[in-house]
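Asker: Here it is: the structure, laid out below.
The values are calculated or read from the model by the stated rules, or taken from the named source; none is laboratory data. This structure is a prediction, so every number in the text was calculated from the model and none was measured. Cβ sites come from the backbone with ideal geometry, for glycine too, and all protein chains shown count toward neighbours. Heads up: the accessible areas ignore ligands, DNA and RNA and are worked out on the full protein's heavy atoms, side chains in. Shrake-Rupley method; radii C 1.70, N 1.55, O 1.52, S 1.80 Å.
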Amino acid sequence: MELLTIGAFARASRLSPKALRLYDQLELLRPARVDPGTGYRYYAVGQLRQARLVAWLRRLGMPLAEIRTVCALDPADAAAEIRAYWARVEAETAVRRDLAAFLVDQLTGESRRDHTTMLELRYSAHSDRGQVRPANQDTVYAGRRLLAVADGFGPAGAPASSAAVEALRFLDEGEEIAAGSVLNLLEDAVQGASEAVHDLAEGGEENGTTLTALLWTGSQLALVHIGDSRAYLLRDGELFRITHDHSVVQSLIDEGRLTLEEASSHPQRALLMKALGGGMAPVPDLRLHEARVGDRYLLCSDGLTGVVPDERIKELLACEGAGQLLIDEANAAGGPDNVSCVVADVVSPTHPPISVG
């Protein structure tokens, strides 16, 4: 076996002798041989690949325990672990990015307040049992400030979804809501919704609901999201999904372990990682969205997205009467689940606000 001195190995791997000694101490890269008299380290040529891998993973910020795990795997499994790690980093970074954007907005919002154009919403809500389910466990709500969709599950799924939405309805009343306090209000309201759903639990049965809602401040929409119901934005002819499913299947997609095509038939596609009730802690996604005249928002349960692809949703969402058209499309595709839609347009002020449907 050909051995290289630590200096020669450092040059070949483009690492410093200091880094190699550190990796030895951390048990990430042990020398092939240590001279018993001098303590001098020697490395095998075959260790060059692992040395570079350790260095790259350290630069990624991967914890030492995970680096040890990756280095012990074959290349295919190691690649899967790295992909999964980076998906988690991106998700955590996205949360911090949204928080940073919110803080910047609040710190600079005072100077813009006098120049903010107050807009209004035109909205409609539709819900349907579908073609298969014996009852509708979805609940929808659309008002001048609050838009919400909840998809219940379990024996008490319908009361759970209704209780979750009812816990938010007070946000649709009273005085205008300041953008600076809207996320705190939503977070508190979701805690109330969680408690209301929890109170419905009986006999150890697992009951719960998703919750996706938008709260209007006059210039911004605050989003709260738990579960796999979704929110979309149609802007300038392009469709943007503004929520991320809290499901087992979505986590596998994020980690690169599942393709979109495989996800559609995965046996765990209905299994949630976050929900209100069901023994899960309600840690919602919260963020603010700047609104523009002409924006169209869609909130929907997975009874729509499970059978109607995004490209078709985009086509129908651009039409008049989009909410009912989307429900008809889901039912035409078999309607295997309850399907609900709330559609809202951002418009220039009219008095009073317009409700359609």
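Asker: Within the stretch 19-50, take every residue that is free of Cβ contacts under 8 Å to residues at least 24 places away in the same chain and among the acidic types (Asp, Glu) and give me the one that is farthest from THR5 (Cα to Cα).
Answerer: If we take residues in the stretch 19-50 being free of Cβ contacts under 8 Å to residues at least 24 places away in the same chain and among the acidic types (Asp, Glu), then ASP24 is farthest from THR5 (Cα to Cα).
Asker: Taking ARG113 as meeting all but one of (1) open to solvent by 60 Å² or more (accessible area, probe 1.4 Å); (2) at pLDDT 80 or above; (3) not in a loop (DSSP other than H, G, I, E, B), write down the number of the exception.
Answerer: Just one mismatch for ARG113, condition (2).
Asker: What is the residue count in the stretch 279-332 for residues that are assigned to a helix (DSSP H, G or I), open to solvent by 20 Å² or more (accessible area, probe 1.4 Å) and not β-branched (Val, Ile, Thr)? Don't jump to the end; show me each part of the working.
Answerer: Initially, the stretch 279-332 is screened for residues assigned to a helix (DSSP H, G or I), giving 302-305, 310-317, 322-332.
If we keep only those that are open to solvent by 20 Å² or more (accessible area, probe 1.4 Å) too, we end up with 302, 305, 310-312, 314-315, 324-325, 328-329, 331-332.
Now narrow it down to the ones that are not β-branched (Val, Ile, Thr): 302, 310-312, 314-315, 324-325, 328-329, 331-332.
Qualifying residue count, the stretch 279-332: 12.
Asker: Mind checking which residues of the stretch 10-55 are hydrophobic (A, V, I, L, M, F, W, C), farther than 22 Å from ASP74 by Cα and at pLDDT below 90?
Answerer: First, the residues of the stretch 10-55 that are hydrophobic (A, V, I, L, M, F, W, C): 10, 12, 15, 19-20, 22, 26, 28-29, 32, 34, 44-45, 48, 51, 53-55.
Subset that is farther than 22 Å from ASP74 by Cα: 10, 12, 15, 19-20, 22, 34.
Correct list: ALA10, ALA12, LEU15, ALA19, LEU20, LEU22.
Asker: If I go through the stretch 221-232 residue by residue, how many of them are in a strand (DSSP E or B) and open to solvent by less than 10 Å² (accessible area, probe 1.4 Å)? So that I can check it myself, show each step before the final result.
Answerer: If we filter the stretch 221-232 for residues that are in a strand (DSSP E or B), which is where we start, we get 221-226, 230-232.
From the residues that got through so far, the ones that are open to solvent by less than 10 Å² (accessible area, probe 1.4 Å) too are 221-226, 231-232.
Residues meeting the conditions: 8.
Asker: If I filter the stretch 162-173 for residues that are modelled with pLDDT of 95 or more, assigned to a loop (DSSP other than H, G, I, E, B), open to solvent by 60 Å² or more (accessible area, probe 1.4 Å) and over 19 Å from TYR297 (Cβ atoms), do I get at least one hit?
Answerer: no
Asker: I would also like to ask the following. Small (Gly, Ala, Ser), at pLDDT 95 or above and under 20 Å from ALA231 (Cα atoms): does that describe ALA150? If you could, list the steps in order and put the result at the bottom.
Answerer: On the way: small (Gly, Ala, Ser): yes; at pLDDT 95 or above: yes; under 20 Å from ALA231 (Cα atoms): yes.
In short, yes.
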